[in-house]
1. Over region 73-192, what is the percentage of antiparallel beta bridges among all DSSP beta bridges, to the nearest 5?
2. Residues with amide H under 5 Å of residue 142's amide H, sequence separation 5 or more or different chain, H placed in the peptide plane at 1.01 Å from N; which?
3. Please give the contour-minus-distance gain from residue 192 to residue 124: 0.36 nm per residue of separation, less the Cα-Cα distance, rounded to one decimal in nm.
4. If I take R0 = 25 Å and measure r between the Cβ atoms of residue 91 and residue 43 in this structure, what FRET efficiency does the formula 1/(1 + (r/R0)^6) give, to the nearest 0.05?
5. Which order do 103, 129, 97, 67 take when ranked by solvent-accessible area (1.4 Å probe, heavy atoms of all protein chains), largest first?
6. Rounded to the nearest 0.05, what FRET efficiency is calculated for residue 139 and residue 103 with R0 set to 22 Å and r the Cβ-Cβ distance?
7. Report Rg (one decimal) and Dmax (nearest whole number) for region 67-174, counting Cα atoms only, units Å.
8. What residues of region 138-164 lie in the reach of a label at residue 184, counting those whose backbone N is under 12 Å from a point 7 Å from the Cα along Cα→Cβ?
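The values are calculated or read from the model by the stated rules, or taken from the named source; none is laboratory data. What you see is a predicted model; the values in this text were computed from it and never measured. Every residue, glycine as well, gets a Cβ built from its backbone with ideal geometry; the counts of neighbours run over all protein chains shown. All accessible areas refer to the heavy atoms of the entire protein, side chains included, with ligands and DNA or RNA removed. Shrake-Rupley method; radii C 1.70, N 1.55, O 1.52, S 1.80 Å.
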Amino acid sequence: MSLGKLGLVLGVIGGALSLLDELSGDMKKAQGDIDKEVDRYFQKRQLDGKETTTVRKTVKTLENRIYEIGKLAHNYKDDPLIHSIASRLANISAQKYGERNQYGMIRVIHLFVLRGITYVPDPDHRDLYQSPIQTLKLRRGDCDDFTSLIMALALNVGIPVRPKVIQTVDKQEWSHIYPLLAERKKGKNLRWIA
């Protein structure tokens, strides 16, 4: 790895650690409350006889990957559980950064997912998908699952989103996806934040 890339990686890690320190008290309490809410949500769905599992999909093309993740985010953005969690996160953001601070909301959404969901790669080098709700239930997922959950939460509070697919070191094809969330700057200009 070149020194430039190493510096970039260390900078990203340092920024993430700074963010964790900055919000850790507020997010720790919220995370516990949200975990209980997720459990209650699925207990109720099981009692109602509703399906609680999601069929995982295998996709082969880059275009299909982007489409499926975007579709998952859009299909679940108005789910009652997504809405409830997004509202809680919006309250934390408003207390910490002030009302209508999109950058603060983006930070809080990212922190919630980074703290609450464990990264687990897909088995057997296959690209599989699960819904944002299933990711919350399992509290684990890979980059596809993190992306659809972050995008669903952001869409619920009106933040524009788009997925970004990249090729990581030593890979011949796309190998990682992450969400870009837009902060509106004066007028219609958007600043895309990873």
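1. Details: 10 of 12 bridges.
The antiparallel proportion sits near 85 percent.
2. So residue 142 has HN proximity to 120.
3. On the way: separation 68, 0.36 × 68 = 24.48 nm, distance 3.28 nm.
Gain on stretching residue 192 to residue 124: 21.2 nm.
4. Working: r = 24 Å, r/R0 = 0.97.
My answer for the efficiency is 0.55.
5. Working: 103 80, 129 5, 97 55, 67 135 Å².
Largest accessible area first, the residues go 67, 103, 97, 129.
6. On the way: r = 26 Å, r/R0 = 1.20.
Taking R0 as 22 Å, the efficiency between residue 139 and residue 103 is 0.25.
7. Every Cα atom of region 67-174 included, Rg and Dmax give 14.3, 45 Å.
8. So the set is 158-160.
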